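Right, one structure below, let's go through it.
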Amino acid sequence: MANIRAFVQQLKQLVPNILDIHVLACGGCNPQDEKNPNLHFGYLLSHLFGLCSRVKLSSGVLKLFRNDLQLDIICNLTHIDFQMNYDRKLALEMISQNAPTLISVSLRFPSDADPSGLFWSPDGCNIEYPNLHSLRLTTWESNRNDSIQREYPDAVPFPSLRRLKMECRYMFIDDVVFRGNAATLEYLQLQLTDATLATIQSRNVFTPVSHPKLRHVDVDLTSHGFRRAAFVHYSEFLTNIGPSAPVRAFHRLSKDDVAFLITRSPPSSSLSNIQFLDLPNNVLSVWDIVGIIRSLPQLTDLRTKSVNLRPLPDDLPLDELPALMISKYGSGSEQFLRWRFTCEFGSFGDHVMCVFLLALVCPNFYYAGESRFGDEEATKEVENVIASKGFIDHEARLKGVRFGFVYLK
């Protein structure tokens, strides 16, 4: 033990400004090896944690070192990033012990775990994090998440929270995570389901004037937990959370949602601030995409699957499409900048034409990302489309669009 303390002191002298420690559990690691009973890895780990303020642990680390881990000397941590699997109880104990000083907490845990240990101690006392500014919760196998069927009426665990990222389904039946931080919350990432919305609305978490500093809301419409079209179903939520707290991003929309967007005119005030749209499960035509952009006047980024050019409107020849696009959608959007898509089916040339048609009505659109855009054959295809009849008249504008890593001369 004395040797460990001496080693830690020497390390502190050599590196006096240690801030971060990241510990990984390697396969086959066995700190409780009977052949080496005096290694005391847990004791060493405890003292190493005492040197820093930010700790990141991979799954299983605390379980491996638990026998001689000394929690009482692991204090004053400001940042904790844990992947909890086998060692949840010990991890939550370490987190709650550092509650007064923590600024940031990031946790990844199985979907059957109960994260309420963050703010509810085993002896039934509330735990408060007075200085916590950032909380990130992530699960794996998240489709199995069930709500924690317990309310915490007196708990106000995160009164200073600024960033809340819930990369999992909301698993509480009350508003405990949102409680007390309406005046400080600036960023919110949330998966919306019917159950989540019911909780938020029944507790009046969001009103048009409730969150004066909230400026970024990232909504994930997961494919599980919905009964109807999300934009229609969640219109009250969208209205309450904006315009002072605009929704910036939507992920994983259903067919009904996309159809609603395409036909929505004039733009809905509750959607008018969306800047990023992720449609990984939708196959759209270039005309659909123009409709979406016109419905979302602040949209800057779009992510989709493959895009359809055909069937062509009124069976027009390809060289007449640029004129049709300009005459029908001459005022697309000055805000739209980037479009990322996969090229799973259809010709590559058709996808290039779709990009250029969009560029003709979106004057600041400059980037189209797809994995095939980096090879020589793709570059030649792009150049051939620009040189073709109907497109050559717009050569200067079309050469301003960047295709992945392809830079046109």
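The values are calculated or read from the model by the stated rules, or taken from the named source; none is laboratory data. Being a predicted model, the structure only gives us computed values, none of them experimental. Methodologically, a virtual Cβ is constructed for each residue, glycine included, from the backbone with ideal geometry; neighbour enumeration extends over all protein chains shown.
The table that follows gives values for the structure above.
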| quantity | calculated |
| --- | --- |
| Residue match in the range 342-360 (condition: modelled with pLDDT of 90 or more, among the hydroxyl-bearing types (Ser, Thr, Tyr) and either over 31 Å from the mean Cα position of the chain (by Cα) or assigned to a loop (DSSP other than H, G, I, E, B) (or both)) | no |
| Search result, residues across the range 145-175 that are of a type in the set (A, V, I, L, M), touching a helix residue (DSSP H, G or I) at 6+ places or on another chain (Cβ under 8 Å) and assigned to a loop (DSSP other than H, G, I, E, B) | MET171, ILE173 |
| Any hit, the range 24-38, residues being under 22 Å from ARG136 (Cα atoms), in contact with a helix residue (DSSP H, G or I) (Cβ under 8 Å, 6 or more places away or on another chain) and modelled with pLDDT of 70 or more | no |
| Every residue from the range 292-341 that is among the small types (Gly, Ala, Ser), in contact (Cβ under 8 Å) with a residue 12 or more places away in the chain and either part of a helix (DSSP H, G or I) or surrounded by fewer than 14 Cβ atoms within 10 Å (Cβ to Cβ) (or both) | SER295, ALA323, GLY330, SER331 |
| Any hit, the range 156-179, residues being free of Cβ contacts under 8 Å to residues at least 24 places away in the same chain and out of contact with any Cys (no Cβ under 6 Å at 6 or more places or on another chain) | no |
| Residue within the range 205-216 that is in a loop (DSSP other than H, G, I, E, B), modelled with pLDDT under 80 and of a type in the set (Val, Ile, Thr) present | no |
| Conditions (1) touching an Asp or Glu at 6+ places or on another chain (Cβ under 8 Å); (2) within 19 Å of VAL55 (Cβ to Cβ); number of the one not met by SER111 | (2) |
